[in-house]
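Notes follow once the structure below has been shown.
The values are calculated or read from the model by the stated rules, or taken from the named source; none is laboratory data. Quantities reported herein were computed from a predicted structural model and do not represent experimental measurements. Every residue, glycine among them, receives a Cβ derived from its backbone with ideal geometry; neighbour counts consider all protein chains shown. What goes into the accessible areas is simple: the full protein's heavy atoms, side chains included, and nothing from ligands, DNA or RNA. Shrake-Rupley method; radii C 1.70, N 1.55, O 1.52, S 1.80 Å.
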Amino acid sequence: MPYLPPADASPKVKAFAAYVNALSALDLPTALSYCDDQRFEMQVLPLALGRPSMNKGQYEEFMKTTILESFETLEVTIFSVLESGDEAITVHAKSDSVSKLGTPWHNEYIFIIHFTPGETPKMTKYQEFINTAFIMAFRAEEMKKKEALAGAA
């Protein structure tokens with residue numbers, strides 16, 4: 001179900017809604033159109049994971065080789081959106097799906113997103129706290145399934 005922001009939502013909340021709805025539809029080109037071409041930076045958190053930040057091109061490749069390669073559908077649910085000043089929002093969300101190999105996906109997130117100012121804002125910094133325990137278990141299950149498929153071939 002698409003995220004519908006309040007009628008009086010700020011331009012940045014509306015831009016986020018368009019981004020997350022495109023992502024839910026696995027429409028990566030539309031989702032990326034809400035990211036600033038020059039200044040976009042994506043960081044997976046917590047920092048203890050040691051994941052380097054990504055620019056827009058690296059984020060696009062990451063999304064293609066993870067989400068688009070692994071899923072045919074993705075349902076994103078937004079629990080809350082909090083605005084912080086003129087340039088940032090914080091979002092509590094979850095996503096649900098089943099991978100192409102049949103592994104259930106139920107992840108929960110906190111996004112901290114910064115935008116350019118104005119009526120048509122673009123994301124400049126996108127930080128995503130992930131459920132690391134879930135991600136590790138999901139990857140392990142996917143690896144087992146891939147190895148079983150390779151062994152059966």
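Tallying residues that are closer than 18 Å to Ser80 by Cα, in contact with a Phe, Trp or Tyr (Cβ under 8 Å, 6 or more places away or on another chain) and open to solvent by 70 Å² or more (accessible area, probe 1.4 Å) within region 1-58 yields 0. Scanning region 107-153 for residues that are open to solvent by 80 Å² or more (accessible area, probe 1.4 Å) and either under 19 Å from Ser10 (Cβ atoms) or assigned to a strand (DSSP E or B) (or both) returns Glu108, Pro117, Glu119, Thr120, Phe129. Among residues of region 45-68 that are in contact (Cβ under 8 Å) with a residue 60 or more places away in the chain, those with a Cβ under 7 angstrom from a residue that is of a type in the set (Asp, Glu), sequence gap 6+ or separate chain, pair up as Leu45/Glu128. Contact map, region 4-32: residues that are among the hydroxyl-bearing types (Ser, Thr, Tyr) paired with residues that are outside any loop (DSSP other than H, G, I, E, B) and open to solvent by 40 Å² or more (accessible area, probe 1.4 Å), Cβ distance under 9 Å, separation 6+ or inter-chain. Pairs shown: Ser10/Glu83; Tyr19/Thr30; Ser24/Glu75; Thr30/Asn21.
In region 94-103, of all residues being touching a helix residue (DSSP H, G or I) at 6+ places or on another chain (Cβ under 8 Å) and open to solvent by 50 Å² or more (accessible area, probe 1.4 Å), the one that is farthest from Gly57 (Cα to Cα) corresponds to Leu101.
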